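These notes are about the structure you will find just below.
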Amino acid sequence: MAAGAGGGLPEVFRDWIAAQQRVSDLRVEFRMTKTLPTLKESVRSVGRFWSYVDGRFRWETGKPVRSVLVFDGITLQAWEASDNQWRKLDPHSSSMRLWMDFLGGRKLTESGLLRDFQIAGLTEMKSLTRVILEPKSPRTRRNLKQIELQFDTAEPRLVQLLVRQGDGGSQTMDFDAPRRMTAADREVVPPPASPSNP
């Protein structure tokens with residue numbers, strides 16, 4: 001499979017982006033492995049991710065929970081167990097834009113992705129396709145070296161996301177198949193309160 005005419009995304013990647021526009025609310029379990037140059041051994045944890053058709057999402061890691069990232073459609077907030085405080089983040093900042101697109105799912109586009117990244121590698125296996133993205137901006141590459149994605153070619157489904165950081169560290173997330181939400185899952189991220197209903 002070629003990377004696409006004019007240096008575009010591989011077909012499986014385009015199919016996955018298109019599929020994000022059609023999926024219903026879903027929940028995904030994942031396993032995360034984190035490496036740091038200062039650590040001799042990797043740090044492993046589990047996580048959960050809820051994604052809603054209106055763009056809201058919740059991403060949490062640890063059991064018990066150690067970190068949370070929540071977007072209610074307006075406000076993006078992060079929480080860490082180490083300081084036990086919620087911090088507001090700017091969902092429109094360049095550092096958050098890609099993650100917002102990946103996590104929210106519906107705003108990710110081929111043109112938007114290729115505006116900031118170039119295809120640095122493509123490997124096709126029997127049932128998986130691996131795509132490596134590199135930031136075009138030298139400034140971004142100081143912190144983010146590469147993003148490697150593995151897709152289940154048949155579904156298409158993202159099965160692994162590997163982030164190689166500028167400091168030599170990395171984060172790898174291995175995703176289970178998505179599941180439909182239960183009634184309890186739908187309450188995990190309430191919509192933002194309207195002025196008339198605080």
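Bear in mind these aren't lab numbers, they're just calculated from the coordinates by the rules spelled out. Being a predicted model, the structure only gives us computed values, none of them experimental. Because the Cβ atoms are built from the backbone with ideal geometry, glycine has one as well, and the counts that use them run over all protein chains shown.
With a 10 Å cut-off between alpha carbons and a GNM built on the chain, which of ARG56, ARG48, ARG186 moves the most? In the Gaussian network model the winner is ARG186. With the cut-off at 1.5 for a/c, could you classify the range 40-89 from its C-alpha gyration tensor as rounded, prolate or oblate? The shape class here is oblate. For the chain, the longest principal axis of the Cα atoms and the long axis of helix 11-20 meet at an angle of about 10 degrees. By the helix-only formula, in which each DSSP H run with n ≥ 4 contributes -39500 (n - 2.57) and the sum is divided by residues, the chain has a 222 nm mean residue ellipticity of -4500 deg cm²/dmol. Taking the centroid of alpha carbons for each part, the range 29-44 and the range 128-198 are 16 Å apart.
Remark: the range 129-138, residue by residue, has Karplus-estimated 3J(HN,Hα) of 10, 9, 10, 10, 10, 10, x, 6, 7, x Hz, where x stands for each Gly or Pro and the curve is 6.51 cos²θ - 1.76 cosθ + 1.60 at θ = phi - 60°.
Taking amide H as placed 1.01 Å from N in the peptide plane, the amide H of VAL53 sits under 5 Å from that of ASP25, each at least 5 places away or on another chain. When only the Cβ of Lys, Arg, Asp and Glu is charged (+1, +1, -1, -1), the dipole of the range 9-77 relative to its Cα centre reaches about 360 debye.
Normalise the Debye intensity by I(0) for the chain, one equal point scatterer per Cα, no solvent, then take log10 at q = 0.08 Å⁻¹ and round to two decimals. Rounded to two decimals, the profile gives -0.28. Here the relative contact order of the chain, from alpha carbon pairs under 8 Å that lie six or more residues apart, stands at 22 percent.
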